[in-house]
Amino acid sequence: MRHQSASNGALAEALFALADSEPPGDRRLALLRAGYTAFDSEVKAHQELLRGAPHWLRPLITQLVACRGEDALQAAVQRLQSGESSRRRPARQGYFSRVEMIETLHSGPEDLHPKRLRGAFHWHTRHSDGKASLETMARACSRRGYAWSMVTDHSRGLEVASGLDLEGVRLQQGRVAQWNRQQGEDHHLFQGLEIEVLTDGTLDVPKGERLEVDCVVAAVHSHFDPDRDQTERHLRAVQTPGVHVLAHPRGRHFHHRPGLKARWEKVFSGCADAGVAVEINGFPRRQDLDPDLARLAVDQGCEVILASDAHAVPHLEFDAYASAIAMRAEVPRERILNVRHADEFETWLADR
Ligand SMILES: [Zn+2]
Ligand SMILES: [Zn+2]
């Protein structure tokens, strides 16, 4: 019988679970680091884990890798756990490890592959918390084969200090216009703005300022309040005139928070009624929506937009995770805004 060793995702979960049972310190850190290595590795992580681990951790990794199947792995983790078992587990469920994402892309429908997308949506520049200039990011999008792309820096409001104020929005607008004069035939650039949804569902930027950009992206980055149902907050945000996209709706973050509680059917039917697209954010630590909720959004009639949420040039490839989620959720290609031509997408934006 062929030896079926555990997947990278299962190995990562085992390492994270062991880390959870350790007190803060070097052991815990080394286990966490190994967990992320398995989660992010492009190939079977075994060798990579052994190479990067401190001496004391190697026998444990060998033991985990030797487990046949995920039940055996879980049993081993239970034996090895030194403290209480993992309370953080819910914050790690429903994510693709990198290997799993790649396998999904290979086996999924060709027409949802990132290579078949026309637009790169949702990325940041130095104008907010990104690492590269507007032009560097746009050039990288163009080189990746996209016909259009959209910058979505954070706005500066009560909640986000490092974003664009009105003057910054206008300066960026000038650079977007200049790009389009010079390169617009080859690669059209749109200007979006990622705006904070406050606890009551209002947006953190006055209406007049929002109207100056092509696309308003509403998103929650603070006040997650895990015990409070956030349906009304989301509904009020998406019903605000001029909002185009609800970004990373759950606000979950791998290993750190499981995300907002809401009656998602209601949120998504509110999006569909208001003509607001729902984002599938491919940033590996977000993967928000997950496949189940993405499916629910489609069933409620929503349009979908895939995003990398890139904060640097290499992150632009993260829309591959969004593609994999869309494949798993069986999102029909015609519901995905990134497959539209620039002029069709422009019409969609103007209709909101
Ligand atoms: Zn965001
Ligand atoms: Zn963002």
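The values are calculated or read from the model by the stated rules, or taken from the named source; none is laboratory data. What you see is a predicted model, and the numbers here were worked out from it, not measured in a lab. In this analysis, Cβ positions are derived from the backbone assuming ideal geometry, glycine residues included, and neighbour counts consider all displayed protein chains.
Every listed requirement among (1) closer than 19 Å to Ala120 by Cα; (2) within 16 Å of ligand 2 (Cβ to nearest atom) is met by Val197 save one, (1).
Of all positions in segment 214-228, at least one carries a residue that is more than 14 Å from ligand 2 (Cβ to nearest atom), under 23 Å from the mean Cα position of the chain (by Cα) and either surrounded by 18 or more Cβ atoms within 10 Å (Cβ to Cβ) or within 23 Å of Ala277 (Cβ to Cβ) (or both). Restricting Glu279, Glu330, Glu265 to those that are surrounded by fewer than 21 Cβ atoms within 10 Å (Cβ to Cβ), closer than 22 Å to Gly108 by Cβ and at pLDDT 95 or above reduces the list to Glu330. The residue of segment 31-59 that is modelled with the lowest pLDDT, among those that are among the hydrophobic types (A, V, I, L, M, F, W, C), surrounded by fewer than 19 Cβ atoms within 10 Å (Cβ to Cβ) and part of a helix (DSSP H, G or I), is Leu50. Quick check: is even one residue across segment 233-252 surrounded by 21 or more Cβ atoms within 10 Å (Cβ to Cβ), touching a residue at least 60 places away in the same chain (Cβ under 8 Å) and more than 25 Å from Trp348 (Cα to Cα)? Yes, segment 233-252 contains at least one residue that is surrounded by 21 or more Cβ atoms within 10 Å (Cβ to Cβ), touching a residue at least 60 places away in the same chain (Cβ under 8 Å) and more than 25 Å from Trp348 (Cα to Cα). Considering (1) over 19 Å from Ala120 (Cα atoms); (2) surrounded by 20 or more Cβ atoms within 10 Å (Cβ to Cβ); (3) of a type in the set (A, V, I, L, M), the lone condition that Leu166 does not fulfil carries the number (2).
The set of residues in segment 202-258 that are of a type in the set (Gly, Ala, Ser), within 14 Å of ligand 1 (Cβ to nearest atom) and out of contact with any Leu (no Cβ under 6 Å at 6 or more places or on another chain) comprises Ala219, Ser222, Ala237, Ala247.
Kindly indicate whether any position in segment 211-218 is closer than 22 Å to Trp348 by Cα and modelled with pLDDT under 95. Among the residues of segment 211-218, at least one is closer than 22 Å to Trp348 by Cα and modelled with pLDDT under 95, which makes the answer yes. Restricting attention to segment 259-313, the residues that are assigned to a loop (DSSP other than H, G, I, E, B), out of contact with any His (no Cβ under 9 Å at 6 or more places or on another chain) and farther than 23 Å from Trp123 by Cα add up to 3.
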